[in-house]
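A.B. asks: I have a structure I would like to understand better, so I am pasting it below and will then ask my questions one at a time.
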Amino acid sequence: MRESMAEECCSESVNCRTPLRIAIPYLLVVEQQLPFFRDKRGQLFVNELWHKDLLMHLGYIDHLMIAAPCLLQEPPRDAKPLSATTATLEIIELPAQKGFWHSLRVMPTIVLRLSRAVRKAGIVHSAIAGWPIPMGWVVTPLALLFRKPLVIVVESAPWRLQHGHRAGWKSRARAVLQEFLGRWVLRNAALVICTQNEYCQSLLGPKRTHGFVIPASWIDENNILPEFAAEDLWQKKLSASDSRLRLLFVGRLDPAKGVLILLEAMQRLSTQAVPIALDILGEGPLKGQCELAASKLRSPTTVTLLGTVPYGAPLFETIRGYDAVVVPSVSDEQPRIVFDAYSQAVPILASDTPGLRSCVKSGELGLFAAPNDVSGLADLLRYAAGHRSELRRLGLQSLTYAHRMTHQEMHRQRATLLQSVMNERKAKGQPDKRLPQA
């Protein structure tokens, strides 16, 4: 069926910054984690950030087709309705996959609906990460069958096993299967966009002529703190009566986020009375252990749980009150909180993982500790507590980087890249082989 979206896309869209217009139908195949919601009145909703991203797509795509799971239920409170716009949005509703065996039962319906959509599309866009069956596995054979160009965006590789953690045979088998099929999908894509260089290197190999790196960011230009305000804020932070290092963790309270490493580092620092006040923003399975640590530690080394705040202005206002954001991840992900912190002139204290290494320049935008290393993280936090003026320098430098990493700029780069590849295909006399002419 066809739906439309609000005309607000014109003021923020990539179309305002680039002449690219994709006139042919562009099919975006979405994973289970980003469903649509249809309420009792038949109105479609999407979550707030997904809605924002759709507006950006509609800024340079005239006919956007989205194949996504649709849940027949009342939407979350922060969901946004789909309404009118000049660009056409066509929704292909797919059954939700509720588990592996259920996904096998609904797969014939998914394949049938995707077949019709791929046949109609001019470009097919998908991914290789998803649960329980990634849509890239399903849509790639269809794109090859109907000779449609495939665009793949790699934002994460959650199947990869974490270093230092023991995994069962099922997890190891799935990791091998997803790595193999992920590479197969990418080999058959016309264009691959990765959020970090490590994904391009490991998944595409050295001959990655069709792979490019564009980090994923959700900040807007108007979210970025003005330089004069940042200078004033840092002066107040450094002259405050409480001279402890004010540290913020934002994320799911999960082992992959390095929460256990962080808690153990704080416990070690408390025995040395290092002046650090750590606030934790998030929910998850390790909440109980965070609460236990918070109850045991005493000033000057403290841990406080703040619950959650909505993404947007409330989060940015929270971040700017801290000296640094700590990101002790043990996986290879690239958390968006890094760019959120930069927008508020707050530096990053992070694990030296591939995902973080690609967006945190040590000594310029933040500082590193070895991943999954309690002693290393404790040493880093102790150093930061004694060098808050250095954190000020790093934080102020991060503002310049933030202006180059907005959500609008991310889409502009993707649109420009798509256009350049289309032009290259056309120049080689192959406009219909891989990427059709817009």
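What follows is calculated from the coordinates using simple rules that are stated; it is not laboratory data. The model shown is predicted, which means the values in this text are computed figures rather than measured ones. Please note: Cβ atoms are built from the backbone with ideal geometry, for glycine as well, and neighbour counts cover all protein chains shown.
A.B. asks: Rank S358, S171, S343 by mean-square fluctuation in a GNM of the chain with C-alpha springs under 10 angstrom and give only the top-ranked residue.
C.D. replies: Comparing S358, S171, S343 in a Gaussian network model of the chain, the most mobile one is S171.
A.B. asks: Still on this structure, please answer the following. Quick check on the range 183-266: what are the equivalent-ellipsoid semi-axes from the Cα gyration tensor, as sqrt(5λ), descending, whole Å? Walk me through the numbers on the way to the answer.
C.D. replies: Working: eigenvalues 302, 90, 21 Å².
Ellipsoid half-lengths, sorted descending, are 39, 21, 10 Å.
A.B. asks: Among I61, V124, L112, pick out the residue whose Cα is farthest towards the positive end of the charge dipole of the range 52-134, where Lys and Arg carry +1 and Asp and Glu carry -1 on C-beta, about the Cα centre.
C.D. replies: Result: L112, furthest along the dipole toward the positive end.
A.B. asks: Subtract the Cα-Cα distance of A229 and L396 from 0.36 nm times their separation in residues, and report this length gain in nm to one decimal.
C.D. replies: Details: separation 167, 0.36 × 167 = 60.12 nm, distance 1.04 nm.
Full extension of this stretch gives 59.1 nm more.
A.B. asks: Working from the pairwise distances between different alpha carbons, so that the mean of 1/r is found and then inverted, what is the range 240-315's Kirkwood radius in Å? Let's see the in-between values first.
C.D. replies: Details: mean 1/r = 0.0784 Å⁻¹.
Across the range 240-315, the inverse of the average 1/r is 12.8 Å.
A.B. asks: Using amide H atoms built 1.01 Å from N in the peptide plane, name the residues 5+ places from E90, or on other chains, whose amide H lies under 5 Å from its own.
C.D. replies: E3, L64, M65, I66
A.B. asks: Report Rg(Cα)/(2.2 N^0.38 Å) for the range 60-153, keeping two decimals. Don't skip to the answer; put the middle values down first.
C.D. replies: Working: Rg = 14.2 Å, N = 94, 2.2 N^0.38 = 12.4 Å.
The value comes to 1.15.
A.B. asks: Say the dipole of the chain comes from +1 at the beta carbon of Lys and Arg and -1 at that of Asp and Glu; which of Y401, Q178, V213 then lies farthest toward its positive end?
C.D. replies: Farthest along the dipole direction, towards plus: Q178.
A.B. asks: Over every pair of different alpha-carbon atoms in the chain, take the mean of 1/r and invert it; report that Kirkwood radius in Å. Intermediate results must be reported in sequence, preceding the final value.
C.D. replies: Working: mean 1/r = 0.0431 Å⁻¹.
One over the average 1/r among Cα pairs gives 23.2 Å for the chain.
A.B. asks: Treating only the Cβ of Lys, Arg, Asp and Glu as charged (+1, +1, -1, -1), what charge dipole size does the chain show about its Cα centre? Round to the nearest 20 debye.
C.D. replies: Details: 52 positive and 40 negative charges, 324 e Å.
Approximately 1560 debye in magnitude.
A.B. asks: For the range 121-249, what's the radius of gyration and Dmax over Cα atoms, in angstrom?
C.D. replies: 21.0, 67
A.B. asks: Starting from the Cα of T304, step 7 Å along the direction of its Cβ; do the same at I133; then give the gap between the two resulting points in nm.
C.D. replies: 5.0
A.B. asks: For the range 244-347, give the magnitude of the charge dipole about the Cα centre (Cβ charges: +1 Lys/Arg, -1 Asp/Glu; no others), in debye to the nearest 20. Can you show the working numbers first?
C.D. replies: Numbers: 10 positive and 10 negative charges, 65 e Å.
Roughly 320 debye, rounded to the nearest 20.
A.B. asks: Related question: Of the cross-linked pairs K148/K361; K237/K361; K98/K257; K237/K287; K237/K296; K52/K361, which ones have a Cα-Cα span greater than 31 Å in the structure shown?
C.D. replies: Details: K148/K361 39 Å; K237/K361 23 Å; K98/K257 25 Å; K237/K287 29 Å; K237/K296 27 Å; K52/K361 28 Å.
From the list (K148/K361; K237/K361; K98/K257; K237/K287; K237/K296; K52/K361), the Cα-Cα distance tops 31 Å for K148/K361.
A.B. asks: At 7 Å along Cα-to-Cβ for each site, give me the label-to-label distance between A96 and L144 in nm.
C.D. replies: It works out to 3.2 nm between the two label points.
A.B. asks: Looking at the range 127-195, what % of the alpha carbon pairs are farther apart than 15 Å? Mind showing how you got there, number by number?
C.D. replies: Details: 1249 of 2346 pairs.
Counting pairs separated by more than 15 Å, the tail of P(r) holds 53 percent.
A.B. asks: Excluding E155 itself, what net charge comes from residues whose Cβ is under 13 Å from its Cβ, given Lys and Arg +1 and Asp and Glu -1?
C.D. replies: On the way: positive: R336, R414; negative: E31, D53, E198, D332, E333.
Result for the neighbourhood of E155: -3.
A.B. asks: Between R105 and D62, what length comes free when the chain is fully extended (0.36 nm per residue of separation minus the Cα-Cα distance, one decimal in nm)? Could you put the intermediate results ahead of the total?
C.D. replies: On the way: separation 43, 0.36 × 43 = 15.48 nm, distance 3.43 nm.
Between R105 and D62, full extension yields an extra 12.0 nm.
A.B. asks: Another question, then. Summing +1 for each Lys or Arg and -1 for each Asp or Glu, what net charge is found among the other residues whose Cβ lies under 14 Å from the Cβ of S243? Numbers along the way, then the final one.
C.D. replies: Numbers: positive: K236, K237, R244, R246, R388, R392; negative: D242, D323.
Value of the local net charge: +4.
A.B. asks: To the nearest 10 degrees, how steep is helix 287-296 against the longest Cα principal axis of the chain, on a 0 to 90 scale?
C.D. replies: With rounding to tens, the tilt is 10 degrees.
A.B. asks: Tell me the net charge near S375. Cut-off is 15 Å between Cβ atoms, S375 excluded, with +1 for each Lys or Arg and -1 for each Asp or Glu. Intermediate values should be presented prior to the final figure.
C.D. replies: Details: positive: R268, R382; negative: E264, D352, D373, D379.
That works out to -2.
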